[in-house]
Amino acid sequence: MRKLWILLLITVACGPGLTEEQKRKIKAEMEAGQVKRVSEAAILEAAMLQGKNLVDLAKNSGKAKTQNEFGKVEMLYQKPNYASETESMVWEALKTQASGENVQKLVADTILYTAPVWGKSKTNQDSVVAVWRVALSKKQLVLKL
């Protein structure tokens, strides 16, 4: 009797195999979960593209501050009091040297995209009047790649 139960248990446990559709789904999930090597240059390039896209979205919506899964966008007219040393240097370079867009690593999980906003100063000369600051999540950028 005991052997019969063991035989029945083995038969139920080793039942029919997977269907072809189930096998395809499992294979697709395994391929999607594979580890891919992403270079730092590819991450910074993605940050530049995503930063431009987020600034364009903010401009089109008419909002000075917005946020999505990639990061937080804000237009600043003066250097923020929470700025790190790196961000302070970028801010000064944008305001004094009138440089263009910039991508910098702030901390391990955040990449900063900055872009100047040009306008007329008090002396009626073209100058940087504000800065778009986009703090991007490195994790979300890598997942997008």
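Nothing in this text is a laboratory measurement; each read-out follows from the coordinates by a stated rule. Keep in mind it's a predicted model, so treat the numbers as computed, not measured. Every residue, glycine among them, receives a Cβ derived from its backbone with ideal geometry; neighbour counts consider all protein chains shown.
Amide H to amide H under 5 Å from residue 110: which residues, 5+ apart in sequence or cross-chain, H placed 1.01 Å off N in plane?
Here 138 satisfy the definition.
Filter the GluC sites (Glu not before Pro) in segment 21-84 down to the DSSP loop ones having no more than 14 other Cβ atoms within 10 Å, then list what survives.
Answer in residue order: 69.
With charges set only on the Cβ (+1 for Lys and Arg, -1 for Asp and Glu), what does the dipole of segment 40-144 come to about its Cα centre, in debye to the nearest 20?
340 debye
Shape of segment 40-144 from its Cα gyration tensor (a ≥ b ≥ c, root eigenvalues): rounded if a/c is under 1.5, otherwise prolate when a/b > b/c, or oblate?
Because a/c hits 1.5 or more and a/b exceeds b/c, segment 40-144 counts as prolate.
Label residue 64 and residue 40 with points 7 Å out from Cα along Cα→Cβ: what is the distance between them in nm?
For the pair residue 64/residue 40, the computed spacing is 3.5 nm.
Taking residue 120 as the anchor, which lysines have their alpha carbon closer than 22 Å to its alpha carbon, excluding any fewer than eight residues away along the same chain?
59, 63, 79, 95
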